[in-house]
Amino acid sequence: MSSKINGHVSPQPCPHLLDFRSRNGPKPFRALHDCIRVKPPGGCAAIRREPSEVPRCGTCEESSRSRLYACVACAAVFCHAPLLHSHASDHALSIPGHEIAVDVDRAELFCCACGDQVYDRDFDAAVVLAQTVNATATTSTSGSTAMQCSVAGSQPENLRKRRRVDYRPWEPDSGEHISRGNQSIPLLDATNASLVSSTQQPWGLRGLNNLGNTCFMNSILQALLHTPPLRNYFLGDRHNRYYCQQKNGAINGTKNSRLCLACDMDAIFSAVFSGDRTPYSPAKFLYSWWQHAANLASYEQQDAHEFFISMLEGIHEKVEKDKRKSQSPAGGGDCCIAHRVFSGILRSDVMCMVCGFTSTTYDPCVDISLDLEPNQGGSGKSSSAKSLNSCNVEADCMHPNQNGGISTLNGCLERFTRAEKLGSDQKFFCQKCQVRQESLKQMSIRKLPLVSCFHVKRFEHSSIRKMSRKVDRFLQFPFSLDMAPYLSSSILRSRFGNRIFPFDGDEQDASNDLSTEFELFAVVTHSGRLDAGHYVTYLRLSNQWYKCDDAWITQVNESIVRAAQGYMMFYVQKVLYYKESENQGTS
């Protein structure tokens, strides 16, 4: 007999465990939380005892010849071995109600009458709660490094079965030519397959004119123009602006002639990759964006991150409207090109510290915002509600004992996925206890996007002090980033181990559909003051870095990029995994 817990099969309790619970309820198991300790290394659970104390069997006083079990009813310790005489079984059979015991070294539930391990949900909750509290208190770097090594060394089985294809961005065929004046030159040099032009710059690298404090827009557009999946989509004519206008009646003048933002992006891609090297003026795009975001329509300096979110929302809004007209279902992250490229899913677990009840929520996001400031009051994450589009989560990425030291992107992500105790003013309403209780919260990434965008919160606004300031702390960011340690599957595995515990059965598949190795291709920086700054984008193309400063494009060394004050970092997956359909593979 078995029962299902959230899709997982749970063993049916033995009759002795059922009888014990009917007479005592779950209280004895919940009380064991205070009797459990976590042994380093690895975080294995065991029964708490003094360091000098050696547990022995109460009958034969042996301590090593067999396993030792502590009776849940009376706390007496007895030995048990399958091939030897079991004093634990003698105790269980001689006193009714004393059949259930706990392994002293492993903190596993055992029925001495049946001679087998048994499962109880409340007991496992007590063990997991003790392990989580210990993981929260223990924040050593060695522990996180060991977890990363263990995760990186074990590739999921379902990935090994998939067809592995190295990601290759769009490049024109050697036979494709483009007319330039009276001559036609190939886009590719067949000898070394590197993009060539009259200025020896990669194809599609074109400056954007500043239309009046629009460096915030130009910096984001440069990053999006060279986002590989987005570039492949528009250059592959997946969104044809002429067809879109005709479908919506814009060409015939029957409807508003304003282009949708996706059409504007298609026009910019066509202009940038046309071969013309003179700076381009995205005036039509700016006008269309002003119509979409009327509250931001001005020639004043705007926030590049706010523009990024607003632009993706504009593309999504247009596609959603068209799909409602055609009654086409819009699936979670596949509703539009913006979400197919940037949308991921975050998992949030809030665990009651009294009974172990866990509430799990999922939030879609197109980027993750990280806070460079050290913790104030012990909370490392924001308590405000998260937007469906931008998961604005604060994470203290400072290393311990380095008040003025260097922050790292990996440090931010490690703290972001670390369990933390919520403050007394953030008590969680436990559905099991039916009252507000102290709780632990842990974030993780359930599903990775094709392109991960990390936003550094350098602009701080205080309503209490009525002031704003810019955080100039330096942030180290890697050129290659492994996201495996921050996935929900990795976090749950390190938290629960092999224990049977109620969590979503599709967690493994949701986390492992895509590659976890990412590569940096764009960095948006901000220099100057909060009210009078300037945005610049660094792009990696053909293994070279280029600085895009509005209309000016210059090649720079890698060291310049590493020393830049990063505001937004864009990472793309190194490898894509394709699922085979009945007829053909689809990405």
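Being at pLDDT 90 or above and of a type in the set (Lys, Arg) narrows it down to one of 231, 238, so name that one.
Result of the check over 231, 238: 231.
Identify, from the list 525, 537, the residue that is under 23 Å from the mean Cα position of the chain (by Cα), modelled with pLDDT of 90 or more and surrounded by 17 or more Cβ atoms within 10 Å (Cβ to Cβ).
The match here is 525.
Considering region 275-315 alone, what residues qualify as being free of Cβ contacts under 8 Å to residues at least 60 places away in the same chain, of a type in the set (Ser, Thr, Tyr) and within 18 Å of residue 264 (Cβ to Cβ)?
The answer is 287, 288, 310.
Yes or no: region 503-511 includes at least one residue that is buried (at least 22 other Cβ atoms within 10 Å of the Cβ) and at pLDDT 80 or above.
Within region 503-511, not a single residue is buried (at least 22 other Cβ atoms within 10 Å of the Cβ) and at pLDDT 80 or above.
From the list 319, 366, pick out the single residue that is in contact with a Ser or Thr (Cβ under 6 Å, 6 or more places away or on another chain), surrounded by 19 or more Cβ atoms within 10 Å (Cβ to Cβ) and either under 24 Å from residue 227 (Cβ atoms) or at pLDDT 90 or above (or both).
366
Assess whether residue 81 counts as being farther than 25 Å from residue 125 by Cβ, surrounded by fewer than 19 Cβ atoms within 10 Å (Cβ to Cβ), assigned by TED's automatic domain parsing to the domain that holds residue 23 and out of contact with any Asp or Glu (no Cβ under 7 Å at 6 or more places or on another chain).
Judged against the criteria, residue 81 is a match.
In region 512-522, what count of residues is obtained for those that are modelled with pLDDT of 85 or more and either touching a Phe, Trp or Tyr at 6+ places or on another chain (Cβ under 8 Å) or polar (S, T, N, Q) (or both)?
Counting residues in region 512-522 that are modelled with pLDDT of 85 or more and either touching a Phe, Trp or Tyr at 6+ places or on another chain (Cβ under 8 Å) or polar (S, T, N, Q) (or both) gives 6.
Is region 245-261 home to any residue that is under 16 Å from residue 221 (Cβ atoms) and either in a helix (DSSP H, G or I) or at pLDDT 90 or above (or both)?
Looking for residues that are under 16 Å from residue 221 (Cβ atoms) and either in a helix (DSSP H, G or I) or at pLDDT 90 or above (or both), one finds at least one in region 245-261, hence yes.
Being of a type in the set (Phe, Trp, Tyr) and modelled with pLDDT of 90 or more is the filter here, so list the residues in region 336-363 that pass it.
Hits for region 336-363 are 342, 362.
Name the one entry in 546, 571, 567 that is modelled with pLDDT of 95 or more and either under 21 Å from residue 215 (Cα atoms) or assigned by TED's automatic domain parsing to the domain that holds residue 458 (or both).
546
The values are calculated or read from the model by the stated rules, or taken from the named source; none is laboratory data. What you are looking at is a predicted structure, and each value in this text was computed from that prediction instead of being measured. No Cβ is skipped: glycine too gets one built from the backbone with ideal geometry, and neighbour counts run over all protein chains shown.
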